[in-house]
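Working notes for the structure below.
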Amino acid sequence: MKDASEQYQRCAREVMQRADDLAVHTEGSGVLTRTYLTPMHHAAAQQLSAWMTEAGMQVRRDDAGNVIGRYEAEAGSPLGAPALVTGSHFDTVRNAGKYDGNLGILLPISCIAAWHRMGKRFPFPIEVIGFAEEEGVRFKATLLGSRAIAGTFDGKVLANLDEHGSSMRQVMQEAGFNPDRIAAAAWRPEAVSAFVEVHIEQGPLLLNENLAVGVVTAISGATRFMAELQGLAGHAGTVPMHMRRDAAMAAAEIGLYIEQRCSGQPGLVGTMGILEVPNGAANVVPGSARFSIDIRAEQDAVRIAAVEDVVAEIQRICSKRDVQIELRKTHEASSVACADQLQTQLAQAIASSGLPVRHLPSGAGHDAMAIAAIADVAMLFVRCGNGGISHHPDEIMTEEDAATAAQVFTRFVENFVA
Ligand code: GLV
Ligand code: MN
Ligand code: MN
């Protein structure tokens, strides 16, 4: 028992140190920003490959840029036995925390390294995937890595442009990947017995209840849009208020409507995370504006009803203000339930570690949502400190909680039944 707890503590120390080490691969000095297929993203992929190799895994990259480590089954296991698959993403939002995504790659690597040192293998292979893209920051298209593996990658997004005007297709080719082979990166459902993602909670529930870990019940669905508004620019001092076609004020009115529509209904949230006045100046009536919309809910019907209302209200506001709008849907994902039998196995791993079992939903999106197209999925949440803040550099977790997560993940794998 003492040995086992030392094993988890070693694993936790390694995970915390490596989260710091990986954060060095960033596009911004002093902040963590790592977007799809930049040189820093590639450097992080190389570092993950090195740690996977050291942990006894065979490592490969697919044409979406995913980093995949395979820990072979024990000798004598049936050839081609389906793998227990785990992992999460190594891209980040701008000015991110260190654990969102990265924890779900680093923790399994360290657990596998411990088994490798002990010469321990299982009757099934374990695959750890570092998904190359989940956040949708660079190309306004999300879950690119996991969708490639699930065979649901939408080829249309290859034409999406980054802020420098480079298309995803071009960026992939320059990084040495073949966008025409993404379909070939898809895994067969028969190759996967289950997918289990470890992730920081990114919210305050576990923290408020003084719990280190929890079992996710379902992942909220989400709909996202990008909108471009075109009004008429004019002189701020001379255009009378009633003659204005102010694109920024139309965006502001839409934003306030979204806030009002998504308030007061449990599980429903709406966000305008991008709001810009291109070439804006203090003395110019804004002629154009650009914004994003992100609407999520645990129940798909609740989200769909809110999206319909928001789209109708946008049309009303724009026509009232004589502003043109181009509204482009950039993401649509249904809510995904975690498989009951995997939730039960995670709950048993928690209970047998002497901890209370807490089930909770996930408001944030995760790679598991995409992988659900080919396999049963489950998620283990780890407590987020600092009031539960995430998508923010103040996102923190403790080494003690990493040790608890290592223990629970280890027990889950050791007792896993497909
Ligand atoms: C991913 O972090 C998301 O939920 O947007
Ligand atoms: Mn995130
Ligand atoms: Mn994440």
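Quick rundown of the values:
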{"item": "Pick from region 341-364, criterion closer than 28 Å to residue 297 by Cβ and part of a loop (DSSP other than H, G, I, E, B), ranking: nearest to ligand 3 (Cβ to nearest atom)", "result": "364"}
{"item": "Enumeration of residues in region 363-399 that are of a type outside the set (A, V, I, L, M, F, W, C), in contact with a Leu (Cβ under 8 Å, 6 or more places away or on another chain) and away from ligand 1 (no atom under 12 Å from the Cβ)", "result": "376, 383, 385, 387, 388, 393"}
{"item": "Which listed residue, of 361, 393, is over 24 Å from residue 210 (Cβ atoms), touching a strand residue (DSSP E or B) at 6+ places or on another chain (Cβ under 9 Å) and surrounded by fewer than 20 Cβ atoms within 10 Å (Cβ to Cβ)", "result": "393"}
{"item": "Test for residue 335: is it over 25 Å from the mean Cα position of the chain (by Cα) and small (Gly, Ala, Ser)", "result": "no"}
{"item": "Top-ranked residue in region 189-212 [being away from ligand 2 (no atom under 16 Å from the Cβ) and among the polar types (S, T, N, Q); ranked as nearest to residue 127 (Cα to Cα)]", "result": "193"}
{"item": "Counted residues, region 396-408 - those being within 18 Å of residue 348 (Cα to Cα) and open to solvent by 40 Å² or more (accessible area, probe 1.4 Å)", "result": "0"}
{"item": "Breaking point among (1) more than 16 Å from ligand 2 (Cβ to nearest atom); (2) part of a loop (DSSP other than H, G, I, E, B); (3) of a type in the set (Ser, Thr, Tyr), for residue 404", "result": "(2)"}
{"item": "Top-ranked residue in region 77-99 [being out of contact with any strand residue (DSSP E or B) (no Cβ under 6 Å at 6 or more places or on another chain) and within 15 Å of ligand 1 (Cβ to nearest atom); ranked as farthest from residue 15 (Cα to Cα)]", "result": "94"}
{"item": "Options 227, 248, 184: the member that is assigned to a helix (DSSP H, G or I) and not assigned by TED's automatic domain parsing to the domain that holds residue 142", "result": "248"}
{"item": "Hits in region 116-151 (condition: of a type in the set (Gly, Ala, Ser) and part of a loop (DSSP other than H, G, I, E, B))", "result": "119, 132, 136, 141, 151"}
{"item": "Residue under evaluation residue 367, criteria (1) surrounded by fewer than 21 Cβ atoms within 10 Å (Cβ to Cβ); (2) of a type in the set (Asp, Glu); (3) within 16 Å of ligand 3 (Cβ to nearest atom), criterion not met", "result": "(1)"}
{"item": "Residue in region 189-198 that is within 16 Å of ligand 1 (Cβ to nearest atom) and either β-branched (Val, Ile, Thr) or within 22 Å of the chain's Cα centre (by Cα) (or both) present", "result": "yes"}
{"item": "Test result for residue 351, in the same structural domain as residue 210 (by TED's automatic domain parsing), within 23 Å of residue 195 (Cα to Cα) and surrounded by 15 or more Cβ atoms within 10 Å (Cβ to Cβ)", "result": "no"}
{"item": "Only one of 307, 269 that is touching a Cys at 6+ places or on another chain (Cβ under 6 Å) and either surrounded by fewer than 17 Cβ atoms within 10 Å (Cβ to Cβ) or modelled with pLDDT of 95 or more (or both)", "result": "269"}
{"item": "Neighbours by Cβ (under 9 Å, 6+ apart or cross-chain): first from region 358-371, not assigned by TED's automatic domain parsing to the domain that holds residue 189; second away from ligand 3 (no atom under 12 Å from the Cβ) and open to solvent by less than 20 Å² (accessible area, probe 1.4 Å)", "result": "none"}
{"item": "Which listed residue, of 108, 82, is open to solvent by less than 10 Å² (accessible area, probe 1.4 Å), in contact (Cβ under 8 Å) with a residue 12 or more places away in the chain and more than 11 Å from ligand 2 (Cβ to nearest atom)", "result": "108"}
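Residue-by-condition table, conditions (1) in the same structural domain as residue 193 (by TED's automatic domain parsing); (2) open to solvent by less than 10 Å² (accessible area, probe 1.4 Å); (3) away from ligand 1 (no atom under 16 Å from the Cβ); (4) within 16 Å of the chain's Cα centre (by Cα):
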| position | (1), (2), (3), (4) |
| --- | --- |
| 113 | yes, no, yes, no |
| 128 | yes, yes, yes, yes |
| 132 | yes, yes, no, yes |
| 135 | yes, no, no, yes |
| 145 | yes, yes, no, yes |
| 148 | yes, yes, yes, yes |
| 158 | yes, no, yes, no |
| 168 | yes, yes, yes, no |
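The values are calculated or read from the model by the stated rules, or taken from the named source; none is laboratory data. Treat the numbers as computed from the prediction; the structure is a model and nothing was measured. Cβ coordinates were reconstructed from backbone atoms using ideal geometry, including for glycine residues, and neighbour counts include every protein chain displayed. Heavy atoms of the whole protein, side chains included, go into the accessibility calculation; ligands, DNA and RNA do not. Shrake-Rupley method; radii C 1.70, N 1.55, O 1.52, S 1.80 Å.
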